[in-house]
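Data block below; observations after.
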Amino acid sequence: MSDFTKTVAAISTPPGKGGVAVIRMSGADALKIADRCFIPRRGGSLSDFGRARAVYGDVVSAGERVDDAIALYFSAPSSFTGEDTVEISCHGGILVTQAVLTALFSAGASPAEAGEFTRRAFVNGKISLTEAEAIGDLLDAGSMAQVRLSSVKSRSRLSDRIEKIRAEMLTLMSSIFARIDYPDEDLAELTDREITDSLGSIIASLDSLIETYKTGRAVNEGIKTVICGSPNSGKSSLYNLLVGEDRAIVTEHAGTTRDVLTERISLGTATLLLTDTAGLRITDDPVEKIGVERSREQIDGAELVIAVFDGSRPMTEDDSELIERLAEMGKTTVAIINKEDLTLFPDTVRTVKSRFENTVEMSAISDSADKLRSLIESLFIDEKIRIGTDAVVSNARQHASLIKAREHTELALDAFRMGFPCDVASSDLELAIGAISELDGRAVSESVVGEIFARFCVGK
């Protein structure tokens with residue numbers, strides 16, 4: 001657990017050789033510590049120059065000059081963390097940057113933990129927990145869609161929507177409490193009809209946010225996707241096309257892929273947790289049997305299955321078995337009729353299109369993945385959502401809190417409609433407020449907070 005009474009420091013730029021490195025220091029003694037080890041070239045101390053002013057000077061340690069640098073002081077609460085903060089920009093060499101950080105430690109600063117600066121911003125009310133999560137996602141972003149989803153505008157919209165719902169719940173609760181505490185007085189602001197209408201409106205607002213999770217998850221967390229098919233259907237060629245490099249071995253010999261290959265990729269707006277599997281067929285090879293069994297296990301756990309069929313040949317027994325297996329499982333499936341660069345076999349094309357709602361004809365060797373990208377986006381991305389502008393729920397924790405809030409709000413609504421005493425409805429509404437408060441961090445356990453910020457790097 002972080003000790004917020006300490007003044008902490010860390011390097012905030014990536015390690016390595018560069019033109020400039022930034023060391024951030026935050027806490028009540030930040031300016032005092034900076035005055036001990038930073039000497040302005042114009043004389044005096046950093047505290048003489050006031051806040052938010054770039055000051056050129058030297059970093060010193062044990063009386064020796066370490067580097068020349070620029071220091072900026074941001075006073076509480078007008079800083080990212082909400083505390084007194086000093087940022088020192090020095091030369092970006094590995095050793096010199098570490099020497100500047102060591103000078104701050106010698107002057108009284110303590111090493112910052114992973115994500116500590118953002119955590120302090122959260123604790124000091126500068127950002128909500130959903131905004132902190134968005135910052136973490138921004139650091140890990142692997143696509144521009146993820147960058148837009150984690151943008152300042154998007155995370156602010158989500159926080160505003162959550163706060164609006166919570167405020168509506170609190171207003172409603174105050175009216176219900178007035179009835180409970182003063183049953184003989186006409187103190188309630190809302191009638192029974194107005195209370196049920198308000199609860200219905202809150203449920204509708206929760207539903208609209210919950211519905212964004214499918215898109216948010218597809219962009220941010222990723223869709224667990226498995227490529228499967230009979231041997232030599234072109235699975236590995238498709239995998240290499242989507243990954244953008246030759247990760248899977250491609251030969252004319254059946255059974256080449258015997259292990260499971262997994263990669264996180266961006267396919268347009270969507271993120272795929274993509275797995276290539278061994279060809280599904282009956283085999284006597286003991287090693288290949290293991291690969292086939294692993295393939296079946298991966299299909300069982302997949303959210304999206306990309307089934308590849310060789311369109312240049314008649315359907316095989318292995319192809320038919322795969323079709324029946326996928327039909328039984330009811331998975332979201334995209335069927336690829338592969339090898340369009342060759343002459344397609346009409347019966348194979350007809351069979352695949354008759355059994356799968358979502359099909360793409362393409363060549364994994366000569367085509368781009370544009371047709372497949374468009375189809376997958378249509379299945380998982382809501383085109384009405386403006387990513388980067390609208391409020392979008394993007395992780396499982398947020399989604400679970402919203403589901404819990406909705407369940408308790410609906411129970412409160414049912415209690416009112418069935419004529420139960422007000423205190424029955426109020427208890428469910430209190431639980432709904434608790435769930436929505438978990439969402440933005442107003443009422444969340446220390447272990448959950450710790451887990452979120454543990455994903456951050458030191459210096460952020």
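The values are calculated or read from the model by the stated rules, or taken from the named source; none is laboratory data. Note that the coordinates shown come from a computational prediction; the quantities given were computed from them, not determined experimentally. Positions of Cβ are generated from backbone atoms using ideal geometry, with glycine treated the same way; all protein chains shown enter the neighbour counts.
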**Study point:** A254 being in contact with a Gly (Cβ under 8 Å, 6 or more places away or on another chain), modelled with pLDDT under 90, among the aliphatic types (A, V, I, L, M) and assigned by TED's automatic domain parsing to the domain that holds T332
**Key:** yes
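Residues checked against (1) on the phi > 0 side of the Ramachandran plot; (2) under 36 Å from the mean Cα position of the chain (by Cα):
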{"site": "A9", "(1), (2)": "no, yes"}
{"site": "V20", "(1), (2)": "no, yes"}
{"site": "R42", "(1), (2)": "no, no"}
{"site": "D48", "(1), (2)": "no, no"}
{"site": "A62", "(1), (2)": "yes, no"}
{"site": "L72", "(1), (2)": "no, yes"}
{"site": "S78", "(1), (2)": "no, yes"}
**Study point:** Any helices (runs of 4 or more DSSP H) falling wholly within the range 56-172 and containing at least 2 residues that are of a type in the set (S, T, N, Q) and either outside the structural domain of S201 (by TED's automatic domain parsing) or within 24 Å of M25 (Cβ to Cβ) (or both)
**Key:** 94-106
Point to revise | Filter pass, E133 being of a type outside the set (F, W, Y), crowded, with 21+ Cβ neighbours inside 10 Å and in contact with a Lys or Arg (Cβ under 8 Å, 6 or more places away or on another chain) | key: yes
Exercise for review: Hey, can you tell me all the residues within the range 391-409 that are modelled with pLDDT of 90 or more, surrounded by fewer than 19 Cβ atoms within 10 Å (Cβ to Cβ) and of a type in the set (D, E, K, R)?
Suggested key: K404, E407
Revision key, fill the gap. The lone condition A302 fails out of (1) closer than 23 Å to G222 by Cα; (2) outside any loop (DSSP other than H, G, I, E, B); (3) modelled with pLDDT under 95 is (2)
Check your understanding: What are the residues in the range 359-368 that are within 12 Å of A335 (Cα to Cα) and buried (at least 18 other Cβ atoms within 10 Å of the Cβ), if any?
Key -> T359, V360, M362
Revision key, fill the gap. T97 fails exactly one of (1) under 30 Å from D440 (Cα atoms); (2) surrounded by 15 or more Cβ atoms within 10 Å (Cβ to Cβ), namely (1)
